[in-house]
Amino acid sequence: GFTSAALSFALQNLPVPVVLVGSQRSSDRPSSDAAMNLVGAVNLATKADAAEVMVLMHAETGDNYLHAHRGTKVRKLHTSRRDAFQSVNEYPLFKIDEDSVKELHPPLQRRNLDRKIKLKANFEEKVALLKTFPGIEGILVDKFVDAEYKGIVIEGTGLGHTPDNLQLPIKKAIDAGLIVAMTSQCIFGRTDMNVYRSGVELLDLGVVSCEDMLPETALVKLMWVLANSKDTEIAKELLLTPLAGEIDMRSEESDYKVLGES
């Protein structure tokens, strides 16, 4: 997820697909998925009418077909299954089998060889990803401020919440010029910080609600945004501007898919 998200923001105005591929089983094992994945990646790269970063892996535990996932909407959901990589909050873009590349969800843009790729590969390294947990202390936030970090992406609970004792450290961080963004520990769904008191209070402090962005995607995007804009307010606006399919403004029931479902 980190690599595909980084490439999605760094490689702009793509003329053709960029496909990341791997395997869950090493090539020396009879159950290896390496060869099928590699052949599928070549077919996807040469036949798909799309021009964006995608991750291609097995779609189920057998050798029947593969799925191509948007680079900003993919997560590894299992340690060892062949179909460990799944699209989150979105349907896969393509289904690939031996004979065909079938479009399942519209890509961001179509293949166009007249485009000239634009490379924006700078990333601000001093951005943290902080997962809230019972007993978390505000000193953790303070440490990032003291270390002159530029931003913090929080993995909050549910719709985007933190324990109340983090509010003062978060306020200090924002007052110090850091961008503090909120994502959810839940795999599916989106943040909505207007529902409960704690979320509203965090919004009032200046925390940025990241909609349905995955935490790892939000981290990479904030690193990219801060490297490409020195103005904090512009950076916040850019963080919430869909650039590579990382934000869907509307969630659909069909976006929720449990691993192993067809």
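Residues checked against (1) in contact with a helix residue (DSSP H, G or I) (Cβ under 7 Å, 6 or more places away or on another chain); (2) surrounded by 15 or more Cβ atoms within 10 Å (Cβ to Cβ); (3) at negative phi:
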site: Ile154; (1), (2), (3): no, yes, yes
site: Thr157; (1), (2), (3): no, yes, yes
site: Pro163; (1), (2), (3): no, yes, yes
site: Ile170; (1), (2), (3): yes, yes, yes
site: Ala181; (1), (2), (3): yes, yes, yes
site: Arg190; (1), (2), (3): no, yes, yes
site: Asn194; (1), (2), (3): yes, no, yes
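Would the range 201-215 turn up any residue that is surrounded by fewer than 21 Cβ atoms within 10 Å (Cβ to Cβ), over 19 Å from Ala6 (Cα atoms) and under 23 Å from the mean Cα position of the chain (by Cα)? Yes.
Leu38 falls short of the stated requirement of being farther than 18 Å from Pro106 by Cα and touching a helix residue (DSSP H, G or I) at 6+ places or on another chain (Cβ under 7 Å). A count restricted to the range 227-240 and to residues that are of a type outside the set (Lys, Arg), surrounded by fewer than 24 Cβ atoms within 10 Å (Cβ to Cβ) and in a helix (DSSP H, G or I) stands at 8.
Pairing each residue of the range 159-173 that is closer than 22 Å to Met213 by Cα and β-branched (Val, Ile, Thr) with any residue that is at pLDDT 95 or above and surrounded by fewer than 18 Cβ atoms within 10 Å (Cβ to Cβ), provided the two are 6+ apart or on different chains, yields C-beta distances under 6 Å for Thr162/Thr132; Ile170/Leu205. The single condition from (1) more than 30 Å from Gly189 (Cβ to Cβ); (2) charged (D, E, K, R); (3) at pLDDT below 95; (4) under 23 Å from the mean Cα position of the chain (by Cα) that Asp28 fails is (4). Of all residues in the range 198-208, one or more are in a loop (DSSP other than H, G, I, E, B), at pLDDT 95 or above and in the same structural domain as Pro163 (by TED's automatic domain parsing). The condition of being modelled with pLDDT under 95, of a type in the set (A, V, I, L, M, F, W, C) and either more than 19 Å from Lys221 (Cα to Cα) or not assigned by TED's automatic domain parsing to the domain that holds Thr217 (or both) holds for only one of Ala84, Ala50, Ala10, that being Ala84. Looking at (1) at pLDDT 95 or above; (2) under 17 Å from Asn37 (Cβ atoms); (3) exposed (fewer than 15 other Cβ atoms within 10 Å of the Cβ); (4) of a type outside the set (Phe, Trp, Tyr), which one does Asp99 not meet, given that it meets all the others? Of everything listed in (1) at pLDDT 95 or above; (2) under 17 Å from Asn37 (Cβ atoms); (3) exposed (fewer than 15 other Cβ atoms within 10 Å of the Cβ); (4) of a type outside the set (Phe, Trp, Tyr), Asp99 misses just condition (1).
The values are calculated or read from the model by the stated rules, or taken from the named source; none is laboratory data. Remember, predicted model here, so these are calculated numbers, not experimental data. Please note: Cβ atoms are built from the backbone with ideal geometry, for glycine as well, and neighbour counts cover all protein chains shown.
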